[in-house]
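One structure below.
The values are calculated or read from the model by the stated rules, or taken from the named source; none is laboratory data. Quick caveat: nothing in here was measured; it's all calculated off a predicted structure. We place every Cβ from the backbone using ideal geometry, glycine too, and count neighbours over all the protein chains shown. Protein only, heavy atoms only, side chains kept; ligands, DNA and RNA dropped before computing areas. Shrake-Rupley method; radii C 1.70, N 1.55, O 1.52, S 1.80 Å.
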Amino acid sequence: MKKLLNRALCVLLSVAMVFTVTACTGKGASSSQAEAGKFKAGTYTAAAKGMGGDVAVEVVLTADKIESIKVTSHKETPGIGDLPIEQIPNKIVEIQGLGVDTVAGATITSSAIIAAVTDCLKQAGADTEALKAIKGDAAQKAEDVTLDADVVVIGAGGAGLAAAVTAHQAGSSVIVIEKMPKVGGNTILAGGALNAVDEGSETAIANDDSVEKHYTQTFEGGDKQGDPELVRTLVTNAWAGVEWLKGMGMEFKPGTFTVLGGMWPRAHKPVDPVGTGFFNTYTKYIDANDNIEVMLNTKATELIVKDGRVSGVIAEGETGNKVTLNAKNGVVMATGGFAGNVEMRQKYNTKWATLDDSVKSTNHAGATGDGIILAEAVDAQLVQMENIQLLPMGDPETGSLSGNIEMGVENRIFVNDEGKRFVDEGARRDVMTAALFEQTNNHMWIVLDSHDYPTGDEKNNFNESVNELIAAGRAFKGETLEELAGKIGVDPANLTAAVEDFNKHVDSKEKDSFGRTLYKDKIDKGPFYAAPRIPTVHHTMGGVKINKDAQVIDKNEKVIPGLYAAGEVTGGIHGTNRLGGNALTDILVFGRIAGASAAQAK
């Protein structure tokens with residue numbers, strides 16, 4: 001079995017975007033189609049809009065063959081656009097047609113590549129509609145297979161791979177299965193903020209922070225609905241998790257910052273963009289060690305229960321074959337939440353007016369609650385399923401977090417379509433989102449200045465510069481506030497007044513009329529920037545009930561032997577509202593605990 005299929009960080013944002021062809025040039029053999037040929041032989045180039053900007057391709061054609069295709073330039077985020085850039089051109093050449101599927105959860109970059117190649121073929125006089133009908137031969141169904149390991153992990157996101165590596169370090173053989181064609185889950189899409197307090201450190205002292213404060217803000221931030229023992233486990237093991245990652249080579253930037261809804265400057269930011277640092281670290285470990293494997297495109301369909309104990313997993317392989325995985329010690333469920341499952345959102349929602357498909361999501365395409373359904377089938381208890389978090393930070397087109405220009409909470413404000421502030425921008429996420437739903441068009445603008453972008457080329461938490469976002473029409477710039485107001489269509493007097501009031505409170509450090517207390521720099525250094533945002537479903541706090549050892553609890557409050565869970569598939573930690581920066585803490589802390597507990601089980 002392959003040790004890790006598609007070892008590169010095969011990940012892509014789980015959102016769909018309308019793409020447009022933006023450029024095309026070609027050098028053909030003649031002005032008309034060559035005799036008896038499909039194409040005008042030559043080298044052709046074109047570009048189409050991806051997530052980060054234009055994706056450019058070069059296509060080399062003979063009279064009757066697509067000879068080669070390569071992506072010549074792009075601005076897709078490393079670890080996010082890699083898979084379609086690697087696979088789509090090769091697949092088109094292999095089948096000699098355009099009937100290729102987009103990479104699951106990867107429609108932005110996939111569609112851009114296909115669009116650019118299609119344009120090149122049109123330049124060569126090809127019948128592109130006929131080429132779209134060519135889909136290649138269907139893969140033959142592989143043989144059914146049975147595999148054995150000490151620990152089986154379902155899900156190759158942040159929690160799953162933390163569990164897998166920890167279990168392996170404890171001496172267990174490990175198999176990880178992942179239904180998507182990539183590792184990463186939601187973690188790869190995250191801005192990278194990881195809350196952890198290094199108790200007594202210079203940073204903690206300077207920020208007046210402590211593990212106890214982290215506990216209090218997490219517990220009270222969830223309206224005291226989180227299990228106190230789980231919250232305590234989360235915050236007391238957070239820094240040890242950071243040190244564990246550092247010990248495996250993961251690098252973090254110095255200092256801490258306040259992430260949206262994080263309530264305090266205790267978030268640590270990885271050096272590598274978005275969530276790629278976690279998976280660079282985990283896959284490096286997996287590649288360097290035996291008896292730890294990852295199977296992609298393998299979907300768990302059933303938990304095996306023998307003599308009252310979960311002893312394995314039945315899964316479906318990429319070609320529809322049956323994969324039976326026997327777990328000597330235990331199974332770790334790390335399948336994520338259900339933010340991408342509209343039916344489940346609507347079923348459990350009690351707080352928001354609607355969570356139908358008109359409300360987009362930040363999540364990757366695989367966040368559909370599969371693990372919750374599997375666990376419930378073996379009598380696992382579900383808790384706080386109604387606790388569904390929305391953010392006010394969705395991209396208007398996709399719902400994703402991409403395009404969020406903020407660098408930290410302290411330096412920016414939100415204004416509505418009238419140019420007025422409407423909420424404490426340092427408040428809880430549910431408070432900010434509820435306030436946004438009351439604004440015209442449920443729409444707002446993030447406004448900040450050059451304190452955050454001295455040159456415009458600095459990267460945000462999603463590896464995008466504001467200059468790139470402006471070029472893509474996703475952010476706007478004005479040398480003055482009045483110019484910026486004109487570009488985003490808000491009342492310049494209102495915007496100026498909002499900024500002046502904010503600046504007054506930066507000087508005084510006093511609570512403003514919205515209750516805001518988090519400040520750093522004034523918004524007074526041009527040029528000024530703005531980007532649009534809408535509400536979006538971000539995190540599902542409810543899920544499978546666990547104890548402090550990550551053991552799954554049944555409906556009679558008893559441990560289900562052999563079954564462990566970690567990450568967003570679980571419930572009962574965050575209560576009604578998850579603090580920003582606590583999700584990565586959750587997957588790290590409880591992923592490690594689940595892996596250790598499963599490895600120790602006999």
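Structural remarks
- Residue in region 323-335 that is part of a loop (DSSP other than H, G, I, E, B) and not polar (S, T, N, Q) present: yes
- Filter result (open to solvent by 60 Å² or more (accessible area, probe 1.4 Å) and of a type outside the set (A, V, I, L, M, F, W, C)) within region 422-459: Glu438, Thr440, Asn441, His451, Pro454, Thr455, Asp457, Lys459
- Residues within region 531-565 that are open to solvent by less than 10 Å² (accessible area, probe 1.4 Å) and charged (D, E, K, R), tallied: 1
- Checked against (1) more than 30 Å from Phe252 (Cβ to Cβ); (2) out of contact with any Gly (no Cβ under 7 Å at 6 or more places or on another chain); (3) part of a loop (DSSP other than H, G, I, E, B), Ile314 passes all but condition (3).
- Taken over region 247-264, the criterion of being of a type in the set (Phe, Trp, Tyr) and not in a loop (DSSP other than H, G, I, E, B) is satisfied by Phe252, Phe257.
- Annotation: Ile405 fulfils all but one of (1) over 19 Å from Val490 (Cα atoms); (2) crowded, with 24+ Cβ neighbours inside 10 Å; (3) under 22 Å from the mean Cα position of the chain (by Cα); (4) modelled with pLDDT of 95 or more; the unmet one is (1).
- Among (1) in a loop (DSSP other than H, G, I, E, B); (2) touching an Asp or Glu at 6+ places or on another chain (Cβ under 7 Å); (3) open to solvent by 30 Å² or more (accessible area, probe 1.4 Å) - the single one Gln225 does not satisfy: (2)
- Odd one out for Ile286, checked against (1) part of a helix (DSSP H, G or I); (2) in contact (Cβ under 8 Å) with a residue 40 or more places away in the chain; (3) more than 22 Å from Ala149 (Cα to Cα): (3)
- Lone qualifier among Val197, Val165 - being buried (at least 24 other Cβ atoms within 10 Å of the Cβ), of a type in the set (Val, Ile, Thr) and assigned to a loop (DSSP other than H, G, I, E, B): Val197
- Restricting the first member to region 114-142 and to residues that are closer than 30 Å to Lys322 by Cα, and the second to residues that are of a type in the set (A, V, I, L, M), the beta-carbon pairs closer than 6 Å and six or more apart or on different chains are Ile134/Ile95; Gly136/Ile95.
- Hits in region 236-251 - residues which are touching a residue at least 40 places away in the same chain (Cβ under 8 Å) and either open to solvent by less than 10 Å² (accessible area, probe 1.4 Å) or within 20 Å of the chain's Cα centre (by Cα) (or both): Ala238, Gly241, Val242, Leu245
- Residue ID - farthest from the chain's Cα centre (by Cα), chosen from residues in region 501-529 that are open to solvent by less than 60 Å² (accessible area, probe 1.4 Å) and among the small types (Gly, Ala, Ser): Ser508
- Selection of first residues in region 304-332 that are under 14 Å from Leu147 (Cα atoms) and open to solvent by 30 Å² or more (accessible area, probe 1.4 Å) and of second residues that are modelled with pLDDT of 95 or more and not in a strand (DSSP E or B), restricted to Cβ pairs under 6 Å at least 6 apart or on distinct chains, gives the following pairs, ordered by first then second residue: Lys322/Asp144.
- Residue tally, condition open to solvent by less than 50 Å² (accessible area, probe 1.4 Å) and either farther than 29 Å from Leu189 by Cα or part of a loop (DSSP other than H, G, I, E, B) (or both), over region 474-490: 7
Conditions tested, residue by residue: (1) crowded, with 22+ Cβ neighbours inside 10 Å; (2) in contact with a strand residue (DSSP E or B) (Cβ under 6 Å, 6 or more places away or on another chain); (3) at pLDDT 95 or above; (4) assigned to a loop (DSSP other than H, G, I, E, B).
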position: Thr350; (1), (2), (3), (4): no, no, yes, yes
position: Thr354; (1), (2), (3), (4): no, no, yes, yes
position: Ser358; (1), (2), (3), (4): no, no, yes, yes
position: His364; (1), (2), (3), (4): yes, no, no, yes
position: Ala367; (1), (2), (3), (4): yes, no, yes, yes
position: Gly371; (1), (2), (3), (4): yes, yes, yes, no
position: Leu374; (1), (2), (3), (4): yes, yes, yes, no
position: Val378; (1), (2), (3), (4): no, yes, yes, yes
position: Pro396; (1), (2), (3), (4): no, yes, yes, yes
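- Residue match in region 262-279 (condition: of a type in the set (Val, Ile, Thr), surrounded by fewer than 20 Cβ atoms within 10 Å (Cβ to Cβ) and within 25 Å of Ala601 (Cα to Cα)): no
- Complete set of residues in region 69-114 that are in a helix (DSSP H, G or I), modelled with pLDDT of 90 or more and open to solvent by 10 Å² or more (accessible area, probe 1.4 Å): Ile85, Glu86, Gln87, Asn90, Lys91, Val93, Glu94, Ile95, Ser111, Ile114
- Within region 460-473, being of a type in the set (A, V, I, L, M), outside any loop (DSSP other than H, G, I, E, B) and crowded, with 16+ Cβ neighbours inside 10 Å holds for Val466, Leu469, Ile470.
- Qualifying residue in region 412-431 (condition: part of a helix (DSSP H, G or I), at positive phi and touching a residue at least 12 places away in the same chain (Cβ under 8 Å)): no
- In the set Asp512, Asp549, Asp521, only one residue is outside any helix (DSSP H, G or I), over 21 Å from Leu260 (Cβ atoms), out of contact with any Gly (no Cβ under 6 Å at 6 or more places or on another chain) and among the charged types (D, E, K, R); that residue is Asp549.
- Residues that are part of a helix (DSSP H, G or I) and open to solvent by 50 Å² or more (accessible area, probe 1.4 Å) were ranked within region 491-500; the one that is nearest to Arg533 (Cα to Cα) is Pro492.
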